[in-house]
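Notes for the one structure printed next.
The values are calculated or read from the model by the stated rules, or taken from the named source; none is laboratory data. Keep in mind it's a predicted model, so treat the numbers as computed, not measured. A quick note on method: Cβ atoms are made from the backbone with ideal geometry, for glycine too, and the neighbour counts reach across all protein chains shown. Please note that ligands, DNA and RNA were not included when accessible areas were found on the heavy atoms of the full protein model with its side chains. Shrake-Rupley method; radii C 1.70, N 1.55, O 1.52, S 1.80 Å.
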Amino acid sequence: MKPYTLMINGKAYSVTADPTMPLLWVIRDVVGLKGTKFGCGMGLCGACTVHLDGQPIRSCQIPIDLIKRNQTIMTIEGLSKAGDHIVQKAWVEHQVPQCGYCQSGQIMSAVALLKANPSPTDADIDAAMGGNICRCGTYVRIRQAIHSAASAMRQAKKATPSSPAKKQPSVR
Ligand code: FES
Ligand code: FES
């Protein structure tokens, strides 16, 4: 057992764990954040997807000992306090979840995709989301929700007033 400090969702957690314990188990069983799911445990299904320094990773595949002290982890709980992140709202709007088991991993992958590519095509979505398996077959709605979230994000960006231009000295 070794002591670790993990930055998860902007908060520091001091934990003691076996160095070989997968990050997923630390998140769920030691820290107690249960939104991230255990699916295959083999890096194949994406249910355990979280962000490490902003990049989506399979937390079942990373031993806790490989996480550096200054790295940041974000789980589904960190997206928004009220569950109203723009992607979560699109998921509700399109009634994506069926059993729901895969959906936190799906949403974390979708958020990472939209951060990297604000206007993804169907092919971009299929490529980015291909590692997230849904046994209920919600893929069509996932695609619709991602397009909807992308559009809402673009609208929100347009509506945000840009910083006022510097006042030019009068020439008269
Ligand atoms: S549980 Fe990690 S990829 Fe399936
Ligand atoms: S909603 Fe059931 S596994 Fe995806």
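Flag not set for G41, criterion: free of Cβ contacts under 8 Å to residues at least 12 places away in the same chain and open to solvent by less than 60 Å² (accessible area, probe 1.4 Å). Among the residues making up the stretch 93-109, those that are more than 10 Å from ligand 2 (Cβ to nearest atom) and either open to solvent by 90 Å² or more (accessible area, probe 1.4 Å) or at pLDDT below 95 (or both) are E93, Q95.
Beta carbons closer than 7 Å, at least 6 apart along the sequence or on distinct chains, pair a first residue in the stretch 98-119 that is without any contact (Cβ under 8 Å) to a residue 60 or more places away in the chain with a second that is part of a loop (DSSP other than H, G, I, E, B) and open to solvent by 20 Å² or more (accessible area, probe 1.4 Å) for Q98/C136; C99/C136; Q103/P97.
Provide a single number: the residues in the stretch 131-155 that are among the hydrophobic types (A, V, I, L, M, F, W, C), open to solvent by 50 Å² or more (accessible area, probe 1.4 Å) and in a loop (DSSP other than H, G, I, E, B).
Of the residues in the stretch 131-155, the ones among the hydrophobic types (A, V, I, L, M, F, W, C) are 133-134, 136, 140, 142, 145-146, 149-150, 152-153.
If we keep only those that are open to solvent by 50 Å² or more (accessible area, probe 1.4 Å) as well, we get 133, 136, 140, 153.
Within this subset, residues satisfying the condition of being in a loop (DSSP other than H, G, I, E, B) are 133, 136.
Looking only at that region, the number is 2.
F38 fulfils the conditions (1) at pLDDT below 95; (2) within 16 Å of ligand 2 (Cβ to nearest atom) except for a single criterion, (1).
Scanning the stretch 69-89 turns up no residue that is part of a loop (DSSP other than H, G, I, E, B), touching a helix residue (DSSP H, G or I) at 6+ places or on another chain (Cβ under 9 Å), within 16 Å of N132 (Cα to Cα) and within 16 Å of ligand 2 (Cβ to nearest atom). I need the full set of residues from the stretch 1-36 which are of a type in the set (D, E) and either touching a helix residue (DSSP H, G or I) at 6+ places or on another chain (Cβ under 6 Å) or over 17 Å from A47 (Cα atoms) (or both), in order please. Once the filter is applied, which keeps residues that are of a type in the set (D, E) and either touching a helix residue (DSSP H, G or I) at 6+ places or on another chain (Cβ under 6 Å) or over 17 Å from A47 (Cα atoms) (or both), the stretch 1-36 yields only D18. Just one of the listed residues (P56, P97, P19, P3) is assigned to a strand (DSSP E or B), away from ligand 1 (no atom under 16 Å from the Cβ) and of a type outside the set (F, W, Y), namely P3. Of all the listed residues (A145, A127, A90, A116), the sole one being touching an Asp or Glu at 6+ places or on another chain (Cβ under 8 Å), more than 16 Å from ligand 1 (Cβ to nearest atom), of a type in the set (A, V, I, L, M) and modelled with pLDDT of 95 or more is A145.
Any residue at all in the stretch 118-134 that's under 25 Å from V15 (Cβ atoms) and within 15 Å of ligand 2 (Cβ to nearest atom)? Even if it seems obvious, please write down each step before you answer.
Initial filter on the stretch 118-134 (under 25 Å from V15 (Cβ atoms)): none.
Within the stretch 118-134, not a single residue is under 25 Å from V15 (Cβ atoms) and within 15 Å of ligand 2 (Cβ to nearest atom).
The residue that is farthest from C134 (Cα to Cα), among those in the stretch 22-38 that are within 9 Å of ligand 1 (Cβ to nearest atom) and open to solvent by 20 Å² or more (accessible area, probe 1.4 Å), is P22.
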